[in-house]
1. Quick check on the range 86-131: of everything there that is hydrophobic (A, V, I, L, M, F, W, C) and outside any loop (DSSP other than H, G, I, E, B), which residue is farthest from Asp49 (Cα to Cα)?
2. Which of the numbered conditions does Ala67 fail, given that it passes all the others? Conditions: (1) at pLDDT 95 or above; (2) assigned to a loop (DSSP other than H, G, I, E, B); (3) of a type in the set (A, V, I, L, M); (4) under 17 Å from the mean Cα position of the chain (by Cα).
3. Quick one: Glu105 ticks every box in (1) among the acidic types (Asp, Glu); (2) closer than 17 Å to Gly183 by Cβ; (3) not assigned by TED's automatic domain parsing to the domain that holds Gln157 bar one, so which box is it?
4. From the set of residues in the range 121-134 that are at pLDDT 90 or above and of a type in the set (Gly, Ala, Ser), which is nearest to Glu187 (Cα to Cα)?
5. Which residue is surrounded by the most Cβ atoms within 10 Å (Cβ to Cβ), if the candidates are limited to the range 183-206 and must be in contact with a helix residue (DSSP H, G or I) (Cβ under 9 Å, 6 or more places away or on another chain) and part of a loop (DSSP other than H, G, I, E, B)?
6. Pick from the range 132-151 the residues that are of a type in the set (A, V, I, L, M, F, W, C) and part of a loop (DSSP other than H, G, I, E, B): which of them is surrounded by the most Cβ atoms within 10 Å (Cβ to Cβ)?
7. Among the numbered conditions (1) part of a loop (DSSP other than H, G, I, E, B); (2) within 18 Å of the chain's Cα centre (by Cα); (3) not charged (D, E, K, R), tell me where Tyr159 comes up short.
8. Do we find that Tyr144 is farther than 26 Å from Arg85 by Cα, out of contact with any strand residue (DSSP E or B) (no Cβ under 9 Å at 6 or more places or on another chain) and at pLDDT 95 or above in this structure?
Amino acid sequence: MRPYARLGLLVVSAIVAGCATAIDESETAARAAAALKASFRPAGQAGLDRLEQDETQRACSLAAGKAPPKDVAAMIEQTNLATIRYPADGKLLGDWKNGERIAQEGRGKQFSDDPKGPVGANCYACHQLSKGELSFGTIGPSLYQYGKLRGNSVDVQRYTFGKIYNSEAFTACTNMPRFGHKGILSEQQIKDVAALLLDPASPVNQ
């Protein structure tokens with residue numbers, strides 16, 4: 001049985017195991033989702049596909065903001081780990097200067113964005129990356145001196161590339177977007193952001 005099929009069974013089991021109130025809530029959620037879908041239209045870089053949850057998103061929604069059960073979390077991570085596509089050329093790091101631009105670029109995947117325009121990672125919305133940055137979010141951990149603290153081994157490079165590509169492979173129900181899995185960033189963009197985090201010359205590691 002494929003990982004996503006097993007994850008789907010876990011989600012269904014969680015629903016069936018709930019009480020009548022949970023079923024009522026499920027019906028209410030379905031009606032709310034239908035109302036949302038009816039009220040939206042595709043515009044800019046935002047399509048209606050983002051209203052459709054995959055098995056991972058459904059499982060995390062059932063957790064309602066809390067850590068999912070250990071078996072569900074393990075299946076989520078296993079399922080998403082299988083989706084990571086590492087570069088065929090074996091090169092995991094790109095240009096950190098391009099990575100800096102991508103990290104600071106907040107445009108992308110919004111209804112107001114030009115469909116042909118740039119798509120960034122908007123890393124500073126959730127993380128501190130450099131000492132000189134005056135404004136940054138705190139939803140995610142500080143990444144300042146990320147490479148300086150972890151080193152630049154192949155294992156660290158693979159983890160970093162994979163984490164950016166699909167964060168759910170390492171932390172179930174994380175707030176971090178699945179940049180590669182969802183097609184938000186290209187392979188080269190992920191390489192560049194990974195270089196920003198790991199290159200000794202990057203402002204992240206000063």
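1. That would be Trp96.
2. In the conditions (1) at pLDDT 95 or above; (2) assigned to a loop (DSSP other than H, G, I, E, B); (3) of a type in the set (A, V, I, L, M); (4) under 17 Å from the mean Cα position of the chain (by Cα), Ala67 misses (1) alone.
3. Glu105 satisfies all of (1) among the acidic types (Asp, Glu); (2) closer than 17 Å to Gly183 by Cβ; (3) not assigned by TED's automatic domain parsing to the domain that holds Gln157 except (3).
4. Ala121
5. So, considering only residues that are in contact with a helix residue (DSSP H, G or I) (Cβ under 9 Å, 6 or more places away or on another chain) and part of a loop (DSSP other than H, G, I, E, B), the one surrounded by the most Cβ atoms within 10 Å (Cβ to Cβ) is Leu185.
6. Leu143
7. It fails just one condition, (1).
8. For Tyr144, the condition - farther than 26 Å from Arg85 by Cα, out of contact with any strand residue (DSSP E or B) (no Cβ under 9 Å at 6 or more places or on another chain) and at pLDDT 95 or above - is met.
The values are calculated or read from the model by the stated rules, or taken from the named source; none is laboratory data. Note that the structure is a prediction, hence the values are computed from the model and not measured. Ideal geometry is used to build each Cβ from the backbone, glycine not excepted, and the neighbour counts take in all protein chains shown.
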